[in-house]
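Heads up: the structure comes next, in structure tokens.
Bear in mind these aren't lab numbers, they're just calculated from the coordinates by the rules spelled out. Quick caveat: nothing in here was measured; it's all calculated off a predicted structure. Please note: Cβ atoms are built from the backbone with ideal geometry, for glycine as well, and neighbour counts cover all protein chains shown.
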Amino acid sequence: MPYLVCGILLVPLGYLVDKYGQRQLVIISSGILTVVSYFFFLFIPSCDRCYASTVPWYLLGYSLTVYYVLMYGGVSYLVRESQTGTAYGFITCFQNIGTTFMPPMIGYIHDSSQEVQGGYFWTMITFIVFGLVSIGVKVYLYRWDNRVRGGILQSKTPNKDYDEYVRN
């Protein structure tokens, strides 16, 4: 479900952000919605074919869309052109570290806490904690961008603003 939502929203979200700016606020909102979706998972009772359980999947689909459209797209507004390869390398490096270590860690948490909601309670708490840390990093980046660079990531014309920032 998240990938279907992502596929549907990619182009419209990209268009809206290009037209109106506000990249960082959209990124922060997606982090908040991700945490909300994990709370949904935490409190929805387990049942077979519950339609209520589709709501958090839609929220995660939106968050995935923001990740693809804005997180990768925003790299060019954060680093100099000569450093984009390195920046994408760092992103890929940390993503691969996460996909290497997170599944065994989450599996261990799930298997170690089977007595509480079949192991899913502490698993969701772990995702919520990571989500809250992520929101903190996004807010820090938002404040840093506004303070140091005049809000390039929020701009309707980030390329022009970034070029001007680099020249000064």
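Between the listed residues 165, 129, 42, the Cα displaced farthest toward the positive end of the dipole of the stretch 2-167, a dipole computed from Cβ unit charges relative to the Cα centre, is found at 165. The residue 143 and residue 48 beta-carbon pair, evaluated with R₀ = 45 Å, returns a calculated FRET efficiency of approximately 0.50. Only the Cβ atoms of Lys and Arg (+1) and of Asp and Glu (-1) were treated as charged; on that basis the dipole of the stretch 2-167 about its Cα centre amounts to roughly 540 debye.
Taking the square roots of five times each eigenvalue of the Cα gyration tensor of the stretch 53-125, the equivalent ellipsoid has semi-axes of 33, 17, 7 Å, listed largest first. Helix 54-66 axis versus longest C-alpha principal axis of the chain: approximately 20°, rounded to the nearest ten. Sparsely packed loop sites in the stretch 73-168 (the trypsin sites (Lys or Arg not before Pro) outside DSSP H, G, I, E and B with at most 16 other Cβ atoms within 10 Å) comprise 80, 156. Net charge of the neighbourhood of residue 78, taken over other residues with C-beta under 11 Å away and scored Lys/Arg +1, Asp/Glu -1, is +2. Cys residues of the chain that find no other Cys beta carbon under 4.7 Å: 6, 93. Summarising the label geometry, the points placed 7 Å from Cα in the beta-carbon direction at residue 122 and residue 11 lie 4.6 nm from one another.
Taking the C-alpha atoms only, the angle from helix 120-149 to the longest principal axis of the chain is near 10 degrees.
Remark: spin-label model distance residue 97-residue 83 equals 1.8 nm, labels positioned 7 Å along the Cα→Cβ axis. Temperature 4 °C, viscosity 1.567 mPa s: under these conditions the Stokes-Einstein estimate for the stretch 2-167, based on its Kirkwood radius over C-alpha pairs, is 74 µm² per second.
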